[in-house]
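The block underneath contains the structure these notes are about, expressed in structure tokens.
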Amino acid sequence: MERQSMALVGDKEEIIRKSAEYHPTVWGDYFIRNYSYLPLEKKYMIKRVEELKERVRNLFEETRDVLQIMILVDSIQLLGLDYHFEKEIIAALRLIYETDIENYGLYEVSLRFRLLRQHGYYLSADAFNKFKDDKGRFLSALNGDAKGLLSLYNAAYLGTHEEMILDEAISFTKYQLESMLGELERPLATEVSLFLETPLYRRSRRLMVRKYIPIYQENWMRNDTILELAKLDFNILQALHREEVKKITIWWNDLALAKSYKFARDRVVECYYWIVTMYFEPQYSRARLITSKVISLMSIMDDIYDNYSTVEESRLLTEAIERWEPQAVDQVPEYLKDFYLKLLKTCKDFEDELEPHEKYRIPYLQEGIKGLSRCYFQEVQWCAEGYVPSLEEHLRVSLKSTGYPAITCTSYVGMVEDATKEAFEWVASFPKILKSSNIICRLMDDITSHELEQQRDHVASTVESYMKEYSTNVKVAHEKLRVMVERAWKDLNEECLRSTQVARSLIEIILNLSRAMEDVHKHIDSYTNSNTRMKDHVSLILVESFPI
């Protein structure tokens, strides 16, 4: 089954291409036209932030009650302020870890478990046995404790394999919270509803910050110093992010690939949004710009292979990318020359931008893109042959065709600290934690998009592979693949407790890429269909600021 057919036009044969139709860019030049620096009170805002940060540091020093310290750490993390207080949080976690929890209730035990596991501490799930009766069921006395149940619910999603009590906790708490949701008052009702949709640990962090600030504001137990700091910090960072997305949009317009390749998705702002969910802190500005450019080019590359090029054109492009030299452009089809040269030039610009001791990173980036093109080409061949591989064979290729291995490697290129040569060797080895993240990405992508993709000539997805291999239907395939997603999350959790080869910041990027799938592919492919909830999320992060 070829994706293209031939037709006679006059005396010549012409390729009739079967191309997907995508809606045009949602944002266009919005961030160029509407870009503005922080208001005139910028200096005051920055000065005020420093004053408020000092007050929060004092809170860490003055607070002696461990429960209050846990609440303080949790609030600061939920509000996206933890990058300001790394030393204080490290010291607090050490204290929390050493604390005797014998007299703690469900809320406190669950909060402690979640906070420590999030930071790589291993704690036994046996701590929750005290909340079960002699028949192994959770105590009925817990049924009305919404705050404690929500705390357990969010903690349980950090579970690993064989921790059956945490699986039971999810089922128990989900049922209880859904049953009482209509009776709860704000802001707890809002919080419960939010986390029932997607549990805290799997939520995109930047979007979580944006949604949690209003929840925290409604909480009568809030700390007004922390609240004011959260709003100011969000607005200051948003101004930085808008400056970055303006630069990216100008670069994209100058590149003009979206105009040349009308068959491809024009999603540069959405690409930037995807990257800002990976790391939003100011010290990663250079890294965000580099990664946003690469993922934008990868998106075009995906659509070239997936929607437009013939098998022969795909082969020629793959071979040219493998050579990675300007002279190879002569072997590329005419319409692909512009893309090929601009891909090479963009990566050369990165190399020029890096410091001398950082330039070793570029070959890792190049290898990531080469590997991606090889996987894309394999899928082109499968599609042309009408071949449906086994699930195992599919995943050997499609885990890497997600682009996540290349994106992860690229995300390290622009980092100033932590991204060592050993870290690049580690990520290039496709470690288990990265494989788990890729499984989440591939399967969630296929579950949400395969029906639309199969309406046109498209490579078989993992859904089709599962259906063929196990002689089952779409519904069963979806259920089984979702089970695989849950297993991958447990693998990810286990690796987060074990991974000591690289800095925690690099692990966090892989985690955040996994969380992005809950945002982008929860119910619909909102990257392709970015005029849906993706538009609302971009607006929340990059357009709507907080009144102070």
Next item on the list: Return a yes/no flag: does the stretch 424-431 have any residue that is open to solvent by 10 Å² or more (accessible area, probe 1.4 Å), in contact (Cβ under 8 Å) with a residue 60 or more places away in the chain, over 27 Å from Val474 (Cα atoms) and more than 18 Å from the chain's Cα centre (by Cα).
Entry: yes
Notebook entry, point to check: Since Phe263 meets every condition but one in (1) touching a Phe, Trp or Tyr at 6+ places or on another chain (Cβ under 9 Å); (2) open to solvent by 40 Å² or more (accessible area, probe 1.4 Å); (3) outside any helix (DSSP H, G or I), which condition does it not meet?
Noted result: (2)
Next item on the list: Those residues that are over 23 Å from the mean Cα position of the chain (by Cα), assigned to a helix (DSSP H, G or I) and among the hydroxyl-bearing types (Ser, Thr, Tyr), I need them from the stretch 80-106; list them, please.
Entry: Tyr97
Next item on the list: For residues that are surrounded by 19 or more Cβ atoms within 10 Å (Cβ to Cβ) and not aliphatic (A, V, I, L, M), scanning just the stretch 146-159, find the one that is farthest from His119 (Cα to Cα).
Entry: Gly148
Notebook entry, point to check: What are the residues in the stretch 516-536 that are open to solvent by less than 20 Å² (accessible area, probe 1.4 Å), closer than 13 Å to Val269 by Cβ and modelled with pLDDT of 80 or more, if any?
Noted result: Met534
Margin query: I'd like to verify a number: residues in the stretch 162-179 that are crowded, with 17+ Cβ neighbours inside 10 Å and either assigned by the TED database to the domain that holds Glu486 or aliphatic (A, V, I, L, M) (or both), how many?
Written below: 5
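Condition check ((1) surrounded by 17 or more Cβ atoms within 10 Å (Cβ to Cβ); (2) at pLDDT below 90) across all residues:
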position: Ile439; (1), (2): yes, no
position: Thr448; (1), (2): yes, yes
position: Val485; (1), (2): yes, no
position: Leu492; (1), (2): yes, no
position: Ile510; (1), (2): yes, no
position: Ser539; (1), (2): no, no
Item checked: Counted residues, the stretch 375-395 - those being within 12 Å of Ser314 (Cβ to Cβ) and crowded, with 16+ Cβ neighbours inside 10 Å -> 9
Check: Hey, any hits in the stretch 404-416 for a residue that's open to solvent by 10 Å² or more (accessible area, probe 1.4 Å), part of a helix (DSSP H, G or I) and without any contact (Cβ under 8 Å) to a residue 12 or more places away in the chain?
Finding: no
Next item on the list: May I ask you to list the residues in the stretch 469-496 that are in contact (Cβ under 8 Å) with a residue 24 or more places away in the chain, more than 23 Å from Ile407 (Cα to Cα) and of a type in the set (A, V, I, L, M)?
Entry: Leu481
Check: Looking at the stretch 469-477, is at least one residue of a type in the set (Phe, Trp, Tyr) and loosely packed, with under 14 Cβ neighbours inside 10 Å?
Finding: yes
Notebook entry, point to check: Mind checking whether some residue in the stretch 312-321 is among the acidic types (Asp, Glu), without any contact (Cβ under 8 Å) to a residue 12 or more places away in the chain and in the same structural domain as Val427 (by the TED database)?
Noted result: yes
Item checked: Candidate set: the stretch 199-227, residues that are open to solvent by less than 20 Å² (accessible area, probe 1.4 Å), under 16 Å from the mean Cα position of the chain (by Cα) and of a type outside the set (A, V, I, L, M, F, W, C); chosen: the one nearest to Ala488 (Cα to Cα) -> Arg202
Note to self: If Phe280 meets every condition in (1) open to solvent by less than 10 Å² (accessible area, probe 1.4 Å); (2) closer than 21 Å to Ser461 by Cβ apart from one, which number is that one?
What the structure shows: (2)
Checklist line | Yes/no for Ile250 being part of a helix (DSSP H, G or I), touching a residue at least 60 places away in the same chain (Cβ under 8 Å) and open to solvent by 10 Å² or more (accessible area, probe 1.4 Å) | finding: yes
Next item on the list: Output yes when any residue across the stretch 450-459 is touching a Ser or Thr at 6+ places or on another chain (Cβ under 9 Å), under 30 Å from Ile507 (Cα atoms) and modelled with pLDDT under 95, and no when none is.
Entry: yes
Check: Just one of Glu185, Glu191 is of a type outside the set (Ser, Thr, Tyr), under 30 Å from Met534 (Cα atoms) and part of a loop (DSSP other than H, G, I, E, B); which is it?
Finding: Glu185
Notebook entry, point to check: How many of the residues in the stretch 497-532 are touching a residue at least 40 places away in the same chain (Cβ under 8 Å) and part of a helix (DSSP H, G or I)?
Noted result: 18
Item checked: Of residues in the stretch 46-71 being within 22 Å of Ile236 (Cα to Cα) and within 31 Å of the chain's Cα centre (by Cα), the one surrounded by the fewest Cβ atoms within 10 Å (Cβ to Cβ) -> Glu50
Check: Which one of these does Phe234 not meet: (1) surrounded by fewer than 20 Cβ atoms within 10 Å (Cβ to Cβ); (2) in contact with a Gly (Cβ under 8 Å, 6 or more places away or on another chain)?
Finding: (1)
Margin query: Please pick out the residue among Arg57, Arg114 that is closer than 27 Å to Lys211 by Cβ, of a type in the set (Lys, Arg), in contact (Cβ under 8 Å) with a residue 40 or more places away in the chain and assigned by the TED database to the domain that holds Ala155.
Written below: Arg114
Checklist line | Close pairs from the stretch 340-357: first touching a residue at least 12 places away in the same chain (Cβ under 8 Å), partner assigned to a loop (DSSP other than H, G, I, E, B) and surrounded by 14 or more Cβ atoms within 10 Å (Cβ to Cβ), Cβ under 6 Å, at least 6 apart | finding: Tyr340/Val332
Notebook entry, point to check: In the stretch 328-339, how many residues are touching a residue at least 12 places away in the same chain (Cβ under 8 Å) and acidic (Asp, Glu)?
Noted result: 1
Next item on the list: For the stretch 107-127, state whether one or more residues are open to solvent by less than 30 Å² (accessible area, probe 1.4 Å), at pLDDT 95 or above, assigned to a loop (DSSP other than H, G, I, E, B) and on the phi < 0 side of the Ramachandran plot.
Entry: no
Note to self: Could you check the stretch 311-356 and list, in sequence order, the residues that are open to solvent by less than 60 Å² (accessible area, probe 1.4 Å), in a helix (DSSP H, G or I) and under 14 Å from Phe377 (Cβ atoms)?
What the structure shows: Val311, Glu313, Ser314, Leu316, Leu317, Thr318, Ala320, Ile321, Leu336
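The values are calculated or read from the model by the stated rules, or taken from the named source; none is laboratory data. These figures come from a predicted structure and were not determined experimentally. Cβ: placed from backbone, ideal geometry, glycine included. Neighbour counts: every protein chain shown. Remember, those area values only see protein heavy atoms, side chains included, never the ligands or the DNA or RNA. Shrake-Rupley method; radii C 1.70, N 1.55, O 1.52, S 1.80 Å.
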